[in-house]
Structure formats: structure tokens, C-alpha cells
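The values are calculated or read from the model by the stated rules, or taken from the named source; none is laboratory data. Predicted model, so just to flag it, every value in this text is computed and none were measured. Cβ coordinates were reconstructed from backbone atoms using ideal geometry, including for glycine residues, and neighbour counts include every protein chain displayed. Just so you know, the surface numbers come from the protein's heavy atoms only, side chains and all, with ligands and any DNA or RNA stripped out. Shrake-Rupley method; radii C 1.70, N 1.55, O 1.52, S 1.80 Å.
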Amino acid sequence: MAIYAIGDVQGCFAELQRLLERIRFDPAADRLWFTGDLVNRGPQSLETLRFIRSLGDGAVSVLGNHDLHLLAVAHGVSSTKRKDTFADVLCAPDRDILLAWLRHRPLLHRENGFYLIHAGLPPQWSAEDAERHAGEVEDCLRGEGFVELFRHMYGDQPDLWSETLQAWERLRFITNCFTRVRYCDRYGHTDFKEKGAPGTQPPHLMPWFKVPGRKSTDARFVFGHWSTLGFYAGDGVYSIDTGCLWGGELTALRLDGELRRFFVSCREGGYQEPS
């Protein structure tokens with residue numbers, strides 16, 4: 001059995017199929033881990049959701065910010081944005097089945113010595129803390145009051161973790177870290193405005209995995225979300241969003257045995273142009 005982690009698909013279904021051909025994916029024996037953002041901005045969100053759901057236990061996906069945005073729109077909490085491309089999901093006859101399946105995806109998955117997340121962690125959390133805090137949001141998402149989470153999850157504050165955080169502020173911070181964070185300062189304050197590659201940010205900021213004293217350095221994390229960072233292996237992390245949507249590549253990283261990267265290129269010009 002092979003385990004492959006795959007970067008943000010974002011509706012790039014044709015590229016996903018070519019990547020699976022490249023790795024000779026065997027659905028009867030292999031497993032796929034997806035870093036989240038299965039939908040949006042690419043042309044085939046509906047096909048992507050249907051396919052990954054059809055794999056059953058052969059696929060694991062964590063939730064990304066675009067997945068949560070789709071759920072918030074579908075439940076009347078948020079509005080579509082100009083670049084959104086998931087109308088096909090909202091109009092599909094099986095939309096309720098797909099949305100319920102998506103809502104029950106985790107924020108963190110641990111297996112085979114790796115942690116799969118979408119974006120990042122604050123430096124104050126150990127890997128065990130991260131797993132526990134992910135469960136807090138997952139329980140809310142899977143409960144009867146999940147729509148209230150969508151109503152309260154937007155916003156950049158609080159920007160610093162404290163165990164004393166309560167209620168929606170606590171869940172918002174946890175959700176933001178798992179699905180949005182790229183940069184922190186040395187004290188762990190999160191920043192959501194900077195989206196460029198390392199070296200382009202203000203000097204007081206650093207990638208979340210570079211913060212001195214980070215408590216999760218004893219674990220290995222696979223994540224996506226940061227297309228301008230691209231493929232990165234170091235500091236105990238593996239970044240695998242290589243910007244397929246923007247005309248880059250869709251990456252698969254084999255996690256069992258010797259780590260090995262596979263990729264396919266997106267169509268020339270990509271599906272979206274960066275802002």
C-alpha cells in the first residue's frame with residue numbers, strides 16, 4: 001500500500017486525474033491524503049468532490065479555507081465572491097450529500113508518523129495540543145449548531161493564543177490557524193495579510209514553522225495553502241501546494257518509505273491570475 005499526500009486541488013480535476021495516472025494510483029491498495037481546498041477557483045469543483053468522496057476510506061481530506069467558505073455560502077451565512085467557481089456544487093442534485101460529507105472532514109489527520117493540516121499552527125501548540133484543539137472545532141462542525149460557527153468564524157482577531165480564550169473567539173482562532181495562517185511574529189501573533197513567499201514579508205514576521213521555540217518541532221507536518229511558498233521540505237514540515245490553480249503544478253508526495261515527490265503541470269496560463 002502506498003500513501004500519497006496531494007496539494008490543494010481547488011477544482012483542478014483534470015490535473016488530479018493526470019497526477020493519479022502519473023503515480024499509478026490503485027484505489028484498491030493505495031490511500032490519498034488531501035491538504036484541503038478541494039474546491040473553488042478551478043473549473044471542476046463538483047467533479048472533484050464527487051470523486052474524492054467516492055474513494056471512501058481510500059481518501060482523507062482536511063478542511064481548507066475555501067471548503068469552509070463553500071459551506072458558509074451554502075448555508076446562507078456568507079455571499080459568493082467574484083472569483084468563486086463552485087456554483088456547480090450549489091446547484092447539483094446531490095449537493096446536500098456532498099456538503100454534509102465535506103462538513104464532516106477533519107481539520108487535522110494523524111497517521112503513519114505524519115500530521116496532515118491545511119495551513120499551519122501557532123508556536124504555542126504542541127502536536128498533541130493541535131490534535132486536541134482541532135477536535136473542538138470538529139465537534140462543533142458536526143453538531144446541530146454548526147451554522148453558528150460559520151456566523152462567527154470570520155475575522156482576524158484574536159491574533160494570539162491563550163488557553164483562556166472562550167466560546168467563538170477560541171473557535172475562530174483555532175479555525176484561522178488550521179485554515180489560514182502563513183506568518184507569525186516571534187511571540188506567536190498571527191498575521192493574515194501577508195501571502196507572499198518568504199523574504200517578501202515585513203521583517204518582524206516569519207513563516208509559522210520558523211518561529212523560535214515552536215512546540216511542535218518534534219512532529220512532521222504536511223500542509224498546503226501557501227502556493228507562493230511552493231514545495232518545501234525542512235524544519236519538520238512538507239509544504240505541497242505548488243500553485244496548480246495559478247498555472248503551476250499539482251504535487252503528490254509519497255509518505256510511506258522513502259519520501260518522493262511527483263507532479264503534473266497545470267494548463268498553460270492556469271485558471272486564475274494572482275491578485
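Of note:
- Of Val211, Val181, Val137, all but one fail to be surrounded by 14 or more Cβ atoms within 10 Å (Cβ to Cβ), more than 17 Å from Val62 (Cα to Cα), touching a residue at least 24 places away in the same chain (Cβ under 8 Å) and among the aliphatic types (A, V, I, L, M); the exception is Val211.
- Hits in region 49-77 - residues which are open to solvent by 10 Å² or more (accessible area, probe 1.4 Å) and part of a strand (DSSP E or B): Ala59, Val60
- Residue check, Gly248 farther than 20 Å from Leu116 by Cβ and touching a strand residue (DSSP E or B) at 6+ places or on another chain (Cβ under 8 Å): yes
- Within region 174-204, tally of residues that are over 22 Å from Thr35 (Cβ atoms) and either touching a helix residue (DSSP H, G or I) at 6+ places or on another chain (Cβ under 7 Å) or of a type in the set (Phe, Trp, Tyr) (or both): 1
- Complete set of residues in region 160-178 that are at positive phi and within 21 Å of the chain's Cα centre (by Cα): none
- Gly145 being within 24 Å of Leu70 (Cβ to Cβ), modelled with pLDDT under 95 and out of contact with any Cys (no Cβ under 8 Å at 6 or more places or on another chain): yes
- Among the residues making up region 166-178, a single one is open to solvent by 60 Å² or more (accessible area, probe 1.4 Å) and either in contact with a Pro (Cβ under 8 Å, 6 or more places away or on another chain) or within 24 Å of Phe231 (Cβ to Cβ) (or both): Glu169.
- Matching residues in region 21-35 - criterion: being closer than 14 Å to Phe51 by Cβ and in contact with a Gly (Cβ under 6 Å, 6 or more places away or on another chain): Pro27
- Residue within region 78-93 that is out of contact with any helix residue (DSSP H, G or I) (no Cβ under 7 Å at 6 or more places or on another chain), at pLDDT 95 or above and in a helix (DSSP H, G or I) present: yes
- Selected residue (criterion: surrounded by the fewest Cβ atoms within 10 Å (Cβ to Cβ)) from residues of region 140-159 that are aliphatic (A, V, I, L, M) and under 19 Å from the mean Cα position of the chain (by Cα): Leu149
- Conditions (1) under 23 Å from Ala100 (Cα atoms); (2) loosely packed, with under 13 Cβ neighbours inside 10 Å; (3) of a type in the set (Asp, Glu); number of the one not met by Glu163: (1)
- At least 2 residues being among the aromatic types (Phe, Trp, Tyr) is the threshold, and among the strands (runs of 3 or more DSSP E) wholly inside region 179-270 those reaching it are 221-223, 260-265.
- Members of region 230-275 that are open to solvent by less than 30 Å² (accessible area, probe 1.4 Å) and under 15 Å from Ala197 (Cα atoms): Gly230, Ser239, Ile240, Asp241, Thr242, Gly243, Gly248
- Residues in region 189-208 that are buried (at least 21 other Cβ atoms within 10 Å of the Cβ) and under 15 Å from Gln157 (Cα atoms): Thr190 only.
- Scanning region 96-134 for residues that are crowded, with 16+ Cβ neighbours inside 10 Å and assigned to a strand (DSSP E or B) yields His109, Arg110, Phe114, Tyr115, Leu116.
- Leu46, sole failed condition from (1) closer than 21 Å to Pro93 by Cα; (2) of a type in the set (A, V, I, L, M); (3) open to solvent by less than 10 Å² (accessible area, probe 1.4 Å); (4) touching a Gly at 6+ places or on another chain (Cβ under 9 Å): (3)
- Residue within region 19-28 that is in contact (Cβ under 8 Å) with a residue 40 or more places away in the chain, charged (D, E, K, R), crowded, with 21+ Cβ neighbours inside 10 Å and in contact with a Phe, Trp or Tyr (Cβ under 9 Å, 6 or more places away or on another chain) present: no
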